[in-house]
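The values are calculated or read from the model by the stated rules, or taken from the named source; none is laboratory data. Since the structure is predicted, the reported quantities are computational estimates derived from the model, not experimental observations. Every residue, glycine among them, receives a Cβ derived from its backbone with ideal geometry; neighbour counts consider all protein chains shown.
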Amino acid sequence: MAARAHRRVFPLVFASLVALAWAALWAWSSSPYGRYLDHGDWTESGPAAALCRALPGGAVWLPAVFDAAAWTLMILAMMLPTTLSLFNAFARVVAGRPDRARLLALVALGYVTAWSGFGLLAHALHALLLAGVAHVPALAWRGWLIGAAGFALAGAFQFSALKTRCLERCRTPLSFVISHWRGRAPQRHAFALGGRHGLFCVGCCWALMLLMFVVGAGSLGWMLALAAAMAIEKNAAWGRRVTAPLGFALLGGAVLIAAGHLL
C-alpha cells in the first residue's frame, strides 16, 4: 500500500519541482533583474550592486551565489525532466525500502551536483573568454565568431563517439541502476549513482548546454527548445534518430551566422 502511494506521490513532487523551477526562471527573466540571467554584471548598478558593495567581499562571492542559483534553476528546469526515466527505474528497484523517498532525493542531489560542477567550469571558461575578447579588438568587433563557433561545436559533437556512448547510458536507465546500485551503504550509494549518471548526462549534453552562453542564458524559448531536444534524445523510442538531424541543424545555424556577417 505504501509503495503504491509513493508511486502516485513521486511524479507529482517531481513535476512540481520542475514547474517551480520554470516559474522561478520566468519570474526572474521578467523582472528588472532579468539581465543577470544573461550574465550581466551584478556589481554594475542597482540594488544588487549596492548589496555587493555593502557586504564584505560581496563583489566576489555574491555574484557567484546568484550565478549558482540561476544555473541550479536551469538544471532543475531543463535537465531534471530528461532523466525522469532514471528516477522511475531507481524507484522500482528500491520500492520495498522504507527510506526510498530519501534515496530518491539523494539520487537527485548527486545528479544536480554533477551538473553544478560542470556549471562552475563553464562559468569560469566563459569569464576567461570574455576577458580575452576584451583584450583583442578584432574579436570584440566580431562577436558573431563566438556564436558561430558555439553552434559549430554543438553540431559537430552530435556526431562524436563520446556523445553516442553517453547517450546510450542515458537511454538505458534500468540497466544503469542495476549495474551501479549496491545498497550496502544506501545513502552514499544513492548519491554516487545520481552523480555518476549526471556525469554521463553532462558527457551527452554539455555542448548543447553551452549554447545557452551563446544565445543568452535568460532566453526561456531556447531553454524550452533545448530541453525538449535533450528529453527526446534520451527518452523517446525514436530519440536516436534525432541526434544527426539536430547536429546538421546546428551546423547549419553556424553557417547562417557566418554568412550573415560575411556576405
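Tabulated values for the structure
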| read-out | value |
| --- | --- |
| Matching option when the condition is touching a residue at least 24 places away in the same chain (Cβ under 8 Å), more than 19 Å from the chain's Cα centre (by Cα) and assigned to a helix (DSSP H, G or I), among 210, 251, 256 | 251 |
| Candidates 91, 77, filtered to the one that is buried (at least 16 other Cβ atoms within 10 Å of the Cβ), farther than 16 Å from residue 199 by Cα, touching a Lys or Arg at 6+ places or on another chain (Cβ under 8 Å) and among the small types (Gly, Ala, Ser) | 91 |
| Within the stretch 117-146, tally of residues that are under 30 Å from residue 184 (Cα atoms) and either surrounded by 15 or more Cβ atoms within 10 Å (Cβ to Cβ) or among the charged types (D, E, K, R) (or both) | 1 |
| Breaking point among (1) surrounded by 17 or more Cβ atoms within 10 Å (Cβ to Cβ); (2) on the phi > 0 side of the Ramachandran plot, for residue 183 | (1) |
| Residue within the stretch 88-100 that is assigned to a helix (DSSP H, G or I) and more than 30 Å from residue 238 (Cα to Cα) present | yes |
| Some residue of the stretch 94-102 being modelled with pLDDT of 90 or more, of a type in the set (Lys, Arg), out of contact with any Gly (no Cβ under 7 Å at 6 or more places or on another chain) and within 30 Å of residue 188 (Cβ to Cβ) | yes |
| First in the stretch 48-77 and under 19 Å from residue 226 (Cβ atoms), second anywhere and modelled with pLDDT of 70 or more and among the aromatic types (Phe, Trp, Tyr), Cβ under 6 Å, 6 or more apart | 75/115; 77/22 |
| Any hit, the stretch 133-153, residues being of a type in the set (A, V, I, L, M, F, W, C), modelled with pLDDT of 85 or more, out of contact with any Leu (no Cβ under 7 Å at 6 or more places or on another chain) and not in a helix (DSSP H, G or I) | no |
| Filter result for residue 221 (at pLDDT below 95, part of a helix (DSSP H, G or I) and either surrounded by fewer than 19 Cβ atoms within 10 Å (Cβ to Cβ) or of a type in the set (Phe, Trp, Tyr) (or both)) | yes |
| Lone qualifier among 178, 232 - being among the β-branched types (Val, Ile, Thr) and surrounded by fewer than 16 Cβ atoms within 10 Å (Cβ to Cβ) | 178 |
| Selection status of residue 167, buried (at least 19 other Cβ atoms within 10 Å of the Cβ), part of a helix (DSSP H, G or I) and under 21 Å from the mean Cα position of the chain (by Cα) | yes |
